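The values are calculated or read from the model by the stated rules, or taken from the named source; none is laboratory data. Model, not experiment: these values are computed from the prediction. Cβ atoms come from the backbone with ideal geometry, glycine included; neighbour counts cover every protein chain shown. SASA here: full protein model, heavy atoms, side chains in, ligands and nucleic acids out. Shrake-Rupley method; radii C 1.70, N 1.55, O 1.52, S 1.80 Å.
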Amino acid sequence: GVKLDQRPLVQKLVTDHPLRRFREGGDQLEESDDEHDDEGCVADMSEGGKHIYMVSDGTGWTAEHSVTAALGQFEYCLVDRGCSVNTHLFSGIDDVEKLMEIIKQAARENAMLIYTLADENMAASARHACKRWGVPSTDILSPITEAISLHLGVSPSGLPRGAPGRKFPLSEDYFKRIDAIEFTIKQDDGALPNNLHKSDIVLAGVSRTGKTPLSIYLAQKGFKVANVPIVMGVPLPKTLFEIDQEKVFALTINPVVLQTIRRARAKTLGFNDYMKTNYSDMDHVREELDFACKIFAQNPTWPVIGEYFISIPIYALTLSSNSSKVGFNVLFMMIAEVTGKAIEETAVTVLRLYQDRKNRCSMPRISKRY
């Protein structure tokens, strides 16, 4: 709940306890006069924007990612403040009293409620309370759970992930992920090129195209990933061309976006003016990308992935030219937010292509056995 000079596309507050500003009076909600009742309340966002409350009995990952995916359909108006949105995540909500306090607060804020509650009684309580107090709501989990239950012919447990009654044994997949993460960290930024043949996936691209965060993201899915930096004047390792070329994926990025990211990075690292010019100057950035594109053209087996980076909202670029007005911290947070989204979407593309090549599927898919 940090108040900024200018809000990002979506400002969110994460809290582990419900709101305690209002108390119930019959079917009506009345504002409390207790000066201490404001503890735990949302940050003051009355300047504008609609509110979306996300409630979960677990971590809130499902609700948050579902809302983020849906908000992606409205970027055309979010970027120019035509329909700004404030999201608020409430995780670990495991009793009805806390749930009711949040819904009452949502009613006072004219907020929408999105919830993922595994317990049927909790979900029903949320549904009835929202109807009673006129809060628009969407139950994300129940319809999917009911459909799968019907398909499998068995009843759901009704327990949230991480509940005391649920057990998650250390499976083979768990140890595979740990092994993949350790391997990927050791192979970061071109280290140990003789081990490239042990990789499931190899990423190649110039600096700040997202190689490292994408590698770690894929490693958490159980894939051993190596990344190789492309630097002008530095020959690529021979082993990159000796391994199975269908393992290699090339990363590129829009030059304006790359310059924005590099400028932010240079500032955090405390680069001097000469180093900044050599690292984030547009002519240098374009020259590096052109150099990488020539290498990609010489290796047509490598898929060149960069579409999602290019689609990053122009609003982030506008911030870069007005950073003195909005503050560097706002700029950096915007870059982090949109880059994180790009990494996640790019990972989906890499995995789909990887699975297609590995399994020679006629229909693109990412398969997993439970």
Would you tally the net charge around LYS186, using a Cβ to Cβ cut-off of less than 13 Å, leaving LYS186 out, and scoring K and R as +1, D and E as -1? -2
Specify whether the C-alpha gyration tensor of segment 53-158 places it in the rounded, prolate or oblate class, a ≥ b ≥ c being the square roots of the eigenvalues: rounded for a/c under 1.5, otherwise prolate if a/b is larger than b/c and oblate if not. oblate
Using only the heavy atoms of the protein chains and a 1.4 Å probe, how would LEU236, LEU159 rank by accessible area, largest first? LEU159, LEU236
Would you check the accessible area of ILE181, probe 1.4 Å, heavy atoms only, in square angstrom rounded to 10? 50 Å²
Within the accessible area of segment 126-250, what % is carbon and sulfur when the probe is 1.4 Å and the other protein chains stay in place? 58 percent
Residue-by-residue Karplus 3J(HN,Hα) for segment 345-358, coefficients 6.51, -1.76, 1.60, Hz, glycine and proline x: 6, 5, 4, 4, 5, 4, 5, 5, 5, 4, 5, 4, 5, 5
So, for segment 174-272, what is the accessible surface per residue at a probe of 1.4 Å, expressed in square angstrom? 46 Å²
Residue-wise HN-Hα coupling along segment 293-305, computed from phi with Karplus coefficients 6.51, -1.76, 1.60 (Hz; x: Gly, Pro): 4, 5, 5, 4, 5, 6, 10, x, 6, 6, x, 9, 10
In segment 160-255, taking the dipole from +1 charges on Lys and Arg beta carbons and -1 charges on Asp and Glu beta carbons about the Cα centre, the listed residue (GLY210, LEU240, GLN220) farthest towards the positive end is GLN220
Non-local residues with an amide H under 5 Å from the amide H of GLY306, with H modelled 1.01 Å from N and Pro and chain starts lacking one, are THR252
